[in-house]
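Enquirer: The structure under discussion is supplied below as structure tokens; questions concerning it will follow.
Since every read-out is calculated from the coordinates, none of them should be taken as a lab result. For clarity, every value in this text was computed on a predicted model and none was experimentally measured. Here Cβ is always computed from backbone atoms with ideal geometry, including for glycine, and neighbour counts include all displayed protein chains.
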Amino acid sequence: MRKKVLFITMALFAVALLSGCAGGPVRGTTWPGLAADENAAYLADGPYVYAIDLKDGRELWRYPADTDNDFVFYSTPVVTPDGLVIVGSSGTNRSLIALNPNDVNLNSNNTNSPGVAWTFNEAKDQWVAPPLVADDKLFAVNSDGYLYVLNLQDGQSTKKAVKAIRIGGRLWAKPTTDGERVFLTSLDHSVIAVDIETYEVLWSEDIEGAITGSAVLGTDGMLYVGSLASQLVRFDPASGSHEPVLEAENWIWSAPSADGDTLYFGDLDGNLYAFNTSTGKLNWPPIKPNGPITASPLIQNDHILVATESGFLFAIDRDGNVLWSQEVGGKIYTTPVASGDLILVAPLETEFYLAALDQNGRQVWTFTQGS
Amino acid sequence: MWDLFVSVFINVLLWIYDVIGHNFGIAIILFTILIRIVTWPLNAQQMKGAAAMQELQNDKEWQAIQKKYAKDREKLAQEQMRIYRERKISPFSSCLPTLIQFPIIIALYQSITQSLGSTPLDLLKLSRSIIFPFLNVPELIPLNSKFLWMDLGRPESIAIFGFGFPTLALIVAITTYIQAKLTMPVSANPNDQSAAMSKMMSIYMPLLLGYFALNFASGLSIYFITSNILGIVQYAMQGKANWRSLLPGGQKK
């Protein structure tokens, strides 16, 4: 009898542990996606996408209305010029969904939900990267290795891809454009340029390590990419010829942020770099605010904001001096977002889902589900 | 401590993956063989325990106490424990290797999902799990998760007439059943608790592992199937496999 109880206990323990690891529609399977316009913050956080009022942190709506095990959201939402909020699901449902915040309805559970303007269902894997809006086109990359081009103006409620271009590898980073080409990065170590009109692959170049962040254009007209091989690599956007220009101490996770001719970026050792594209040198020796950096720095008027895994937000001036620091709590992996006078931060492992801070780092409000 | 245990699994898996030319399915199979070698003493102990239990079923003293205390379960248990003590038989030794599978399954599951890095957080955790300095993980990422028709990071099913048929879950359940049946001690006594326990394990384990195979990463199913086949081969090679158990009524002597 004792053996039977022991066996059943162990079996239930294993089922419970494995189920917990299986990554159902719960918060915390990875870090949330965060975006904002002038009125609302949009948070893709596990089972729901939330719209949060910037005035007071109140929930404006959520999607879907009720928990649906098929949906998992963590790709950063994108707001189109006509006000739609586009977000991809990484659950068993792999739709890219355009939500209409101007068509909000009250649900039976007393929450509001937006109408769905359109869905795109052709992708076969997770949506990790947010799509790029370029004029009337949407360039959306999926973990299935395809770049899907959608027409935003065709009025269809079930979108078909204008073009599905096989790139290969897992595409986790938002595409970038210089107006002529769309640049993609891949976990498969590749940087790819696609013609924005003909969708022809112009060049595809491999670098040493996997790439999780987007490419960024410098004021020198060159393309810069950080890699998990701890290198900042400079590309000629026309030819794809490239060379490493900086060796970091550890993995460079996210895209550098361009501020004039300086690129700011962090690494997993917690170093913050200020690379000058004109001189090809660092403006100042790397500084180590406090903990690993996965988020892109946020460029503000008089300072640069850097979020760290240790849950702190640092304001750093352009000479590398720390102006202030504020403990937000939890672990911050998501790039902070600014809207008006507010700085929005979405940490993991905190009771609240989103915090709004003022320009001096003081907390204005926090958001949790149901608030 | 647990994280270190999982890290060791991850590093060994990645090292095998790197050495054999980037095939994660083969890496899991080789890793399973390694696990079987490491747990060999436990398996040997299990076989020894099973053989001792089997011999006990034919022992006159054992049979006598079964008869004598058929209506007094407490006394029967006391007498059974006395005989176990006297003959240095551990009734738990035959199920220990089965139970030790659970932490291995959980650690392997976490290793597979972290190694394949299906979410950014998994990939970030992978960067913290590297303890072998010779592993060049940024170069290895992303791991090739495709093996035969499977994506090793996801549950497996083959679409037949529009329905997902869980091939691997079925193979896992069948091989687990065969392995359990082959090692089950033959008992003539319907009241024998050890035999009842073994019988219960031979029913529940295939169902449980089949459930795991149905719902979790198919890389885990590769581990189950490889481990079961190795177990069956191991018993067969030692001439200890009870093939009659597979037949209907094969338990009866």
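Enquirer: For A:A338, which sequence-distant residues (separation of 5 or more, or a different chain) have an amide H within less than 5 Å of its own amide H, given hydrogens modelled in the peptide plane?
Expert: A:L344
Enquirer: Could you compute the net charge surrounding A:L305? Neighbours are other residues with a C-beta less than 13 Å from the C-beta of A:L305; K and R count +1, D and E count -1.
Expert: Cβ neighbours under 13 Å give a net charge of -3.
Enquirer: How far apart, in nm, are two points set 7 Å out from the Cα along the Cα-to-Cβ line at A:D302 and at B:L247?
Expert: Each label point lies 7 Å from its Cα, and together they span 9.1 nm.
Enquirer: What order, most packed first, do the peptides A:250-259, A:154-163 have when packing is the mean number of other Cβ atoms within 10 Å of each residue?
Expert: Packing proxy ranking, top to bottom: A:250-259, A:154-163.
Enquirer: A follow-up question, please. What list of ³J(HN,Hα) couplings, whole Hz, do you get for segment B:216-232 from phi and the Karplus terms 6.51, -1.76, 1.60, once you set θ to phi - 60° and write x for glycine and proline?
Expert: Listing the rounded values in order: 10, 3, 5, x, 5, 5, 4, 4, 4, 5, 4, 5, 5, 4, 4, x, 4 Hz.
Enquirer: Run the numbers on chain A and let me know its relative contact order in percent, using alpha-carbon pairs under 8 Å that are six or more apart.
Expert: 8
Enquirer: Now for a separate question. Let me know the Kirkwood hydrodynamic radius for segment B:1-150, please, with Cα pairs as the basis and the value in Å to one decimal.
Expert: It is 18.6 Å.
Enquirer: Calculate the all-directions average of the projected area of segment A:26-163's alpha-carbon convex hull, and give it in nm².
Expert: Taking the Cα atoms of segment A:26-163, their convex hull projects to 8.0 nm² on average.
Enquirer: Amide H of A:W118 versus every other amide H placed in the peptide plane: which residues, excluding those fewer than 5 positions away on the same chain, fall under 5 Å?
Expert: A:A98
Enquirer: When Cβ neighbours within 10 Å are restricted to other protein chains, what is their mean count per residue of peptide B:106-113?
Expert: Mean partner-chain Cβ count within 10 Å for B:106-113: 2.
Enquirer: Take peptide B:138-145, look around each residue's Cβ out to 10 angstrom, count Cβ atoms belonging to other protein chains, and average those counts.
Expert: Counting other chains' Cβ atoms within 10 Å and averaging over B:138-145 gives 5.
Enquirer: Follow-up. Using only C-alpha atoms and all pairs of different ones, pull out the Kirkwood radius for segment A:237-371 in Å with one decimal.
Expert: Computed over segment A:237-371, the radius equals 15.4 Å.
Enquirer: Right, another one. What order do you get for A:360-370, A:172-182, A:210-220 when each peptide is scored by the mean count of other beta carbon atoms within 10 Å, highest first?
Expert: Working: A:360-370: 14.8, A:172-182: 19.8, A:210-220: 21.6.
Peptide ranking by packing, descending: A:210-220, A:172-182, A:360-370.
Enquirer: Now a separate question. Kindly rank A:343-353, B:122-132 from highest to lowest mean number of other beta carbons found within 10 Å of each residue. Intermediate values should be presented prior to the final figure.
Expert: Details: A:343-353: 21.2, B:122-132: 18.1.
Top to bottom by mean Cβ count within 10 Å: A:343-353, B:122-132.
Enquirer: So between A:S239 and A:Y199, what do we pick up on full extension, going 0.36 nm a residue minus the alpha carbon distance?
Expert: Stretched out fully, the A:S239 to A:Y199 stretch lengthens by 12.8 nm.
Enquirer: Could I ask something else about it? If the only charges are +1 at each Lys and Arg Cβ and -1 at each Asp and Glu Cβ, what is the size of the charge dipole of chain A around the Cα centre, to the nearest 20 debye?
Expert: Magnitude of the dipole: close to 1520 debye.
Enquirer: Measuring from the lowest to the highest alpha carbon on each principal axis, how far does segment A:189-304 reach, largest first, in angstroms?
Expert: Extents along the principal axes, in whole Å: 44, 28, 22.
Enquirer: Right, something else. Could you go through segment A:275-292 in sequence order and give the Karplus-derived ³J(HN,Hα) for each residue, using 6.51 cos²θ - 1.76 cosθ + 1.60 with θ = phi - 60°, rounded to whole Hz, and x for Gly and Pro?
Expert: For segment A:275-292, the Karplus curve yields 9, 8, 6, 6, 8, x, 10, 6, 5, 8, x, x, 10, 10, x, 3, x, x Hz.
Enquirer: Same structure, new question: Taking every alpha carbon pair in chain A, what does the distance histogram look like in 10 angstrom bins from 0, in percent?
Expert: 5, 23, 32, 26, 10, 3, 1, 0
Enquirer: Another question about this same structure. Explain nothing, just the number: dipole magnitude of segment B:2-246 about its Cα centre with +1 on each Lys and Arg Cβ and -1 on each Asp and Glu Cβ, in debye rounded to the nearest 20.
Expert: 860
Enquirer: Per-residue HN-Hα couplings for segment A:309-316, Karplus 6.51 cos²θ - 1.76 cosθ + 1.60 at θ = phi - 60°, whole Hz, x for Gly and Pro?
Expert: 4, 6, x, 9, 10, 10, 9, 10
Enquirer: Summing +1 for each Lys or Arg and -1 for each Asp or Glu, what net charge is found among the other residues whose Cβ lies under 12 Å from the Cβ of B:S218?
Expert: Overall, the nearby charge balance is 0.
Enquirer: How shielded is B:208-217 by partner chains, expressed as the average number of their Cβ atoms within 10 Å of its Cβ atoms?
Expert: Whole-number average of other-chain Cβ neighbours for B:208-217 is 3.
Enquirer: A further question follows. How much of the DSSP bridge set in segment A:26-163 is antiparallel, in percent, rounded to the nearest 5?
Expert: Working: 38 of 40 bridges.
The antiparallel fraction comes to roughly 95 percent.
Enquirer: List the trypsin sites (Lys or Arg not before Pro) in segment B:1-110 that DSSP assigns to loop (not H, G, I, E or B) and whose Cβ has at most 12 other Cβ atoms within 10 Å. Which are they?
Expert: Working: sites: B:R36, B:K48, B:K60, B:K67, B:K68, B:K71, B:R73, B:K75, B:R82, B:R85, B:R87, B:K88; in loops: B:K71, B:R87, B:K88.
Answer by residue number: B:K71, B:K88.
Enquirer: Express the relative contact order of segment A:26-163 as a whole percentage, based on alpha carbon pairs under 8 Å and six or more residues apart in sequence. The partial results should precede the final answer.
Expert: Numbers: 347 pairs, mean separation 21.5, N = 138.
So the answer I get is 16 percent.
Enquirer: Check A:Q126: other-chain or 5+ apart residues with amide H under 5 Å from its amide H, H built from backbone geometry?
Expert: For A:Q126, whose amide H was placed from the backbone, the distant partners under 5 Å are A:S143, A:D144.
Enquirer: What FRET efficiency would be calculated for the residue pair B:N144, B:M81, taking the C-beta separation as r and a Förster radius of 51 Å, to the nearest 0.05?
Expert: 0.45
Enquirer: What net charge do the residues around A:A41 carry, taking every other residue with its C-beta under 12 Å from that of A:A41, with Lys and Arg at +1 and Asp and Glu at -1? Before the final figure, lay out each step's value.
Expert: Numbers: positive: A:K55, A:R58; negative: A:D37, A:E38, A:D45, A:D53, A:D56, A:E59.
Charge balance near A:A41 sits at -4.
Enquirer: Could I ask something else about it? Using only the Cα atoms, work out Rg/Rh for the protein assembly as shown, with Rh taken as the Kirkwood radius, to two decimals.
Expert: Taking Rh as the inverse mean 1/r over Cα pairs, Rg/Rh reads 1.06.
Enquirer: To continue, here is another question. Given axes a ≥ b ≥ c from the Cα gyration tensor, I'd like to know whether segment A:69-132 is rounded (a/c under 1.5), prolate (a/b larger than b/c) or oblate.
Expert: It comes out oblate by the Cα gyration axes.
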